[in-house]
1. Please work out which one of (1) open to solvent by 40 Å² or more (accessible area, probe 1.4 Å); (2) at pLDDT below 95 is the condition residue 68 fails and give its number.
2. Among the residues of the stretch 25-39, is any assigned to a strand (DSSP E or B) and open to solvent by 60 Å² or more (accessible area, probe 1.4 Å)?
3. Any residue at all in the stretch 124-147 that is aromatic (Phe, Trp, Tyr), modelled with pLDDT of 95 or more, touching a strand residue (DSSP E or B) at 6+ places or on another chain (Cβ under 6 Å) and open to solvent by 30 Å² or more (accessible area, probe 1.4 Å)?
4. Which members of the stretch 45-57 meet the condition of being at pLDDT 95 or above, in a loop (DSSP other than H, G, I, E, B) and open to solvent by less than 60 Å² (accessible area, probe 1.4 Å)?
5. Could you please find all residues in the stretch 1-19 being surrounded by 21 or more Cβ atoms within 10 Å (Cβ to Cβ) and either outside any strand (DSSP E or B) or in contact with a Ser or Thr (Cβ under 6 Å, 6 or more places away or on another chain) (or both)?
6. So which strands (runs of 3 or more DSSP E) stay within the stretch 58-148 end to end and still have 1 or more residues that are touching a residue at least 40 places away in the same chain (Cβ under 8 Å) and of a type in the set (A, V, I, L, M)?
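The values are calculated or read from the model by the stated rules, or taken from the named source; none is laboratory data. Given the structure is predicted, the values throughout are model-derived calculations rather than measurements. Glycine also receives a Cβ, built like all others from the backbone with ideal geometry; neighbour counts cover every protein chain displayed. Just so you know, the surface numbers come from the protein's heavy atoms only, side chains and all, with ligands and any DNA or RNA stripped out. Shrake-Rupley method; radii C 1.70, N 1.55, O 1.52, S 1.80 Å.
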Amino acid sequence: MALIRIERASRLSPRDAWQRLTDWERHAAHVPLTGIDVTTPPPTGVGTVFVARTGIGRLRFDDPMEVVRWEPPQDGRPGHCRMEKRGRVVTGWAEIEVAPRGPGSWIVWREEARVERLPRLFDPVTALSGRLLFGRVVTGLLADAPAE
């Protein structure tokens, strides 16, 4: 499994950062060749399922995920969201934590991913590419209010 950790500071309040980071469809704007479809009715919570579909034409794969923990930030407490990856190509989990930090927030994205049929020898490459990709996603979703 490739372990990925991304940390970012934001001027956004924890509530606003949480809303941006858990707007699943918006993630696609920051991931090349990917669309995201939420397959369960709103609002987002435990049991929400969404599918990231990456590729072109027949060369594509689905990355279905299910929210298994949903605790939005409130009353000065951090928010936590955990998704389990339920796909045939990519398995593992991802977590988003949004905590108050000064007038803004501190974001930690953790992910453990495994690409099926890819030898574990490639885990460091998977981790590096994951850090670059998900770092871009987090930065992009928070871009309207960068930290000082």
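1. Result: residue 68 fails condition (2) only.
2. The answer is yes; a qualifying residue exists.
3. No, the stretch 124-147 contains no residue that is aromatic (Phe, Trp, Tyr), modelled with pLDDT of 95 or more, touching a strand residue (DSSP E or B) at 6+ places or on another chain (Cβ under 6 Å) and open to solvent by 30 Å² or more (accessible area, probe 1.4 Å).
4. 45, 47, 48
5. Residues satisfying the conditions are 2, 10, 12, 14, 17, 18.
6. Here the list reads 90-101, 104-115.
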